[in-house]
Each structure stands twice: as C-alpha cells, then as structure tokens.
Amino acid sequence: MGVMREPFDVVVAGAGLGGLASALALVGSGHRVALVEAHTEVGGKVAVARVEGREIDCGPTVLTMRPVFEELFAAAGLRLDDHVELLPLDLLARHAWPDGSVLDLFADEAATTEAIAAFAGAREAQGYRRYASYSAKLLDRLEEPFLRHDNGGLARLLWRAGPRRMAGLARVDFARTMWRALGEFFADPRLRQLFARYATYYGSSPFSAPATLNLISRVEQRGVWAVRGGMIALARAIAAAFVAKGGTLLTAAWVERLATERGRVCAVHLGDGTQLRCRQVVFNGDPQQLTSGRLGDTVRHAVRTSRAPASLSAMTWSMMARPRGLELAYHTVCFSADYADEFAALFDRKRVPANPTVYLCAPDRIAGIPQGSERLFCLINAPAGAHAHAQDDESTCRAQMEQCLSSCGLTLNASSPEVWATPQTFGARFPGTQGAIYGTATHGALAPFRRYRSATRVANLWLVGGAIHPGAGLPMVTLGGLSVARSIHADLGLTRPSAPAAICGGISTVSTTVGASPSR
C-alpha cells in the first residue's frame, strides 16, 4: 500500500461542483487539500458528449445565481471573470404547445409581462406580475436563513431566523402543492404548466412538491448566463484554480473505502492501493454509498437510509442536427398535451411518459442562427430505479420525443450518430443513485427539511452534492460546498494538527466501476 508522505488537512472525494467548490474554498484558506475523482474529467453531472469532434453539454447548460460563483472564487482570492466568460441570456426560454402557441420568457420582467399579455391577455399578465412578486418574496425569506446554512430542521431554521424574520417564514407556502398555488395566479392552463416545470429542476412533480419551490422562478429571473466553452469550462476553471493554489488533483482514481480510527475518519484508500491520510473528508457522492457499505463498514452508520422517493432521471440525446420548423432559442421547451398524466407516468407508473415534455438546448444559438448542422441536447424526464420497463428502450423513447417535437412544429435531422444516455447510464456513472439525478424528490410539506445534512454521524466526515441540503442544481451544490468549507475551516482552526497513524482501521470493500455512455 502506498502512503503519501505528507498528510492532508482535507481529502475531497468526488469532483462534481460541490466537491470542486469545497476544495477550492479550503485550499484558498491555506489548507492542504487533495481532490480525488474516479473519472478522467472533473465536473460530475457537468459533463459533455463528443459528437463530430465537438463538445456538447449533456448536463446543466446555464449558470444562475452568479454571486454564488463570485463568492467561490473570492474565497480563494480570485475573480470569477478572470477564469470564465459569462454570456447573459436576454431570452430565458422559448415554450411551445401542440396547439401551435409559442411564448418566450425574458430576463426583463416587463418584457415577459408584455409577452404574456399578447399570449393570453391582460388578466394573465396581471397574474404573472403577482406571481413574480410572490416568488421573489419566497426567495428573499429563505435564501439567507435556509439555503446558506446546513439543514438542522424546521426548529433550527426558526431559531436562526429570529423574531424579525419569523413572520416571513410563516409565509413560505410549504403546506400546499406547487400546482395548486399556481392556480391562484394563472387561469390559462398553458401558463400554469409552464411555471410548474420549475419543479423538475429539483427532479420533482409539481403535483406533489410544496409551493415553496416556486422560488426557483425568481432565481432564474435574477439572471441566466451561458458559459463560453460550455458549462464544462466552469468545472475546468475551478479545478485549474484549485491546482494553481497548491491543491493536489487526482483523476481516474476511485475511492475504495474510508478508514476510521477512534470513530473519526483518518484516511481515504484508493483503488490502486494509495492511502491518503487526512484530518477531514468531504464526500461528493450519493449518501447511499455509505449506508450500503461500499465505502467501508465503519462509515455505514454515517447517515440514515432514506425512505424518500427518488427524484427524476432522464433520457438524453446529444447530436449534430438541422432543425426545421419551430425556430429554436438557446433553451426551448416543447410541452406535452397532458401534464397530469405525464407525472403520473413518471412517479406512479414508473414509466417514461408516452407523451413527454421535451427540453432542448441549442448552444450554437448564442451567436445567432447557425448555417447547417448545429449542436443540440435533448432531454425527456424518466423515472429512476432499478426496475425499468422493457418497453422504455432508447428507440421507443426517441420516437416519443420526436412525436412531441412534431406536434409542436419541430423536426430534427441528425447528421451523424448520436450520444444518448438512460437512467441506467446515470446509475452506472453515479453509484448509489439508481439513476436519480437530483437525489430524492422534494414531495410533501416537510421534504426540504428531510434532505441529508452536510454533517454526518461520523466525526470529520462531511457531505456535498445534489442529494444534500440545500439541494440540486449548480448554485445549490456550490452553496453546499462553500458551507462545508467554512465549517471545516472553523473546525481545523480549533484543533492542533497531529500526525495520523500510517495505517488506520476499516474494512475494504469492492469499488463500483463506471462504463462509458452508449452511442447510438
């Protein structure tokens, strides 16, 4: 067994955005940090497919909550703008329905109000103005006391808010569903369907998610940016900054087990036999890897086994194609005709909907309308889980996707074989998730308080990622990484370094390996 000569203050296992954020913030605070990633590329769910020699984002496609990423780089004494180029999107998304109607949402609230008035009338535009005010208040009431702190439950949130903000927290609308709340603002079923789609940002159903998730609309209204070079450029920039600050980055190195001594994590054992001795560990992966024993029996009790339903997974296609018909925007959503049945299929019947909503990203549209084939990323929601229906194969789902696009006036002529992914692909790439992209679904009034905490029952072991509070999405996991970094920095500042034992306790377990995404 190889042992690195100098022990690290922190080992971060997993280089998704949460792991990258905690690693950069910690090395920026002067700590010795190793970042370990099982794949050859950093980014986690910020990933790319390569088609005809070009990279296509096949995970997150835009950046929101820009100040969070400015805060991350500032934690290392750096400026965000010196490392990535952000391109603001004036047109947030284009939305189309089978009846031929089309509606654009804009970064400018007044422009969106005018578009809705032309689309559905003055009363619906007035409803949108009320909705925009409502969602803004939700975000204002929860951002500081809830999103920027570890999840200590409802009582802890109320204590943190204090008397001044207590009344506001009583109005965060967690007792009714998102779908029901939207009915208060919109009579037009298309608008209700459009704003309900924000539940899918958390991998959830608007018919079960608390109305609190309407705050996501306000997050987007604050600004949306594309990243020059794709979202992978952001992940690469964070990793490069981490290394430049003195961090140790190990890729193609999977974690076999976490070793403990006297109930505290003291080392990370890699699949090649390397032992990384450390004082703290940040695990950027699914918590079920801990409870299943994949990372060693001594950390099985670190977190509880969750009984919450899995979040959504997806079927995705990355391609070079020539679109015809409906003019694409950077983001385009083609809606299904029956939203209630779509989510019943996903969460009740555990099937890919026969009539799915389709999301498309056309990154080349940032520079105008391309001539010839362009990069496209297409996604439909799919259920997570180990028992997929045999009928939900790629070719069937692709035909259903094409049918939805056709009903909205759009056809795609692919110019080469596509790269596609399924819930099984995501489950293999991210062990423990069973393909769920967003952790657990946020269903029920108290679901946000049941997300995993970053602190665990094992001393010096911390969690970050989409399954961990404050939740899925790049800003949320980045906030989680920053929060963990602050906690570790405070903890290390209160303790004196001591040389860990060269060999620590723990039982080795077999690591799960990951295969490549299939190509069509």
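The values are calculated or read from the model by the stated rules, or taken from the named source; none is laboratory data. Everything quoted here is computed from the prediction, not taken from an experiment. In this analysis, Cβ positions are derived from the backbone assuming ideal geometry, glycine residues included, and neighbour counts consider all displayed protein chains.
Residue check: A25 meets all listed conditions (1) buried (at least 22 other Cβ atoms within 10 Å of the Cβ); (2) touching a strand residue (DSSP E or B) at 6+ places or on another chain (Cβ under 9 Å) but one, namely (2).
Evaluation of D393 against the conditions (1) among the charged types (D, E, K, R); (2) modelled with pLDDT under 95; (3) surrounded by 15 or more Cβ atoms within 10 Å (Cβ to Cβ) shows that the sole unmet condition is (3). Looking only at region 174-184, decide whether some residue is buried (at least 16 other Cβ atoms within 10 Å of the Cβ), closer than 22 Å to V68 by Cα and modelled with pLDDT under 95. No: region 174-184 contains no residue that is buried (at least 16 other Cβ atoms within 10 Å of the Cβ), closer than 22 Å to V68 by Cα and modelled with pLDDT under 95. Of the candidates R197, R190, R236, R180, the single residue that is assigned by TED's automatic domain parsing to the domain that holds L482 and either assigned to a helix (DSSP H, G or I) or within 18 Å of the chain's Cα centre (by Cα) (or both) is R236. Scanning region 245-270 for residues that are buried (at least 21 other Cβ atoms within 10 Å of the Cβ), β-branched (V, I, T) and closer than 26 Å to A428 by Cα gives V255, V268.
Output the residues belonging to region 38-53 that are touching a residue at least 60 places away in the same chain (Cβ under 8 Å), more than 16 Å from L17 (Cβ to Cβ) and assigned to a loop (DSSP other than H, G, I, E, B). Within region 38-53, T40, E52 meet the criteria.
If the condition is being in contact with a Leu (Cβ under 6 Å, 6 or more places away or on another chain), within 21 Å of A310 (Cβ to Cβ) and touching a residue at least 40 places away in the same chain (Cβ under 8 Å), then region 329-382 contributes only N381.
Being in the same structural domain as L250 (by TED's automatic domain parsing) and either touching a strand residue (DSSP E or B) at 6+ places or on another chain (Cβ under 8 Å) or within 25 Å of V255 (Cα to Cα) (or both): is that true of A47 here? Spelling it out, A47 is indeed in the same structural domain as L250 (by TED's automatic domain parsing) and either touching a strand residue (DSSP E or B) at 6+ places or on another chain (Cβ under 8 Å) or within 25 Å of V255 (Cα to Cα) (or both).
Residues checked against (1) among the aromatic types (F, W, Y); (2) assigned to a helix (DSSP H, G or I):
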site	(1), (2)
R349	no, no
A354	no, no
Y359	yes, no
F377	yes, no
N381	no, no
D392	no, no
S395	no, yes
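Here the strands (runs of 3 or more DSSP E) wholly within region 408-520 that include at least 2 residues being in the same structural domain as A253 (by TED's automatic domain parsing) and modelled with pLDDT of 85 or more are 461-463. Screening P98 on (1) in contact with a helix residue (DSSP H, G or I) (Cβ under 6 Å, 6 or more places away or on another chain); (2) part of a helix (DSSP H, G or I) shows it passes everything except condition (2). P363 meets the stated requirement of being farther than 28 Å from T177 by Cα and either buried (at least 17 other Cβ atoms within 10 Å of the Cβ) or aromatic (F, W, Y) (or both).
Can F377 be described as under 22 Å from the mean Cα position of the chain (by Cα), farther than 24 Å from A414 by Cβ and not assigned by TED's automatic domain parsing to the domain that holds G59? Criteria not met by F377. Residues that are more than 25 Å from G100 (Cβ to Cβ), assigned to a loop (DSSP other than H, G, I, E, B), of a type outside the set (D, E) and within 23 Å of the chain's Cα centre (by Cα) are absent from region 361-372 altogether.
Quick check: is even one residue across region 276-292 surrounded by fewer than 22 Cβ atoms within 10 Å (Cβ to Cβ), over 25 Å from the mean Cα position of the chain (by Cα) and in a loop (DSSP other than H, G, I, E, B)? No: region 276-292 contains no residue that is surrounded by fewer than 22 Cβ atoms within 10 Å (Cβ to Cβ), over 25 Å from the mean Cα position of the chain (by Cα) and in a loop (DSSP other than H, G, I, E, B). Restricting attention to region 114-126, the residues being of a type outside the set (D, E), within 16 Å of H95 (Cβ to Cβ) and surrounded by 14 or more Cβ atoms within 10 Å (Cβ to Cβ) number 6.
Check region 115-135 and report whether any residue there is in a loop (DSSP other than H, G, I, E, B) and among the charged types (D, E, K, R). No, the conditions are met nowhere in region 115-135. Every listed requirement among (1) in the same structural domain as A196 (by TED's automatic domain parsing); (2) touching a residue at least 40 places away in the same chain (Cβ under 8 Å) is met by S101 save one, (1).
Among residues of region 302-321 that are under 15 Å from L463 (Cβ atoms), those with a Cβ under 6 angstrom from a residue that is in a loop (DSSP other than H, G, I, E, B), sequence gap 6+ or separate chain, pair up as A302/T456; A302/R457; A302/V458; V303/P287; V303/T456. Residues that are among the aromatic types (F, W, Y) and either in contact with a helix residue (DSSP H, G or I) (Cβ under 6 Å, 6 or more places away or on another chain) or modelled with pLDDT under 95 (or both) within region 101-133 comprise F106, Y128, listed in sequence order.
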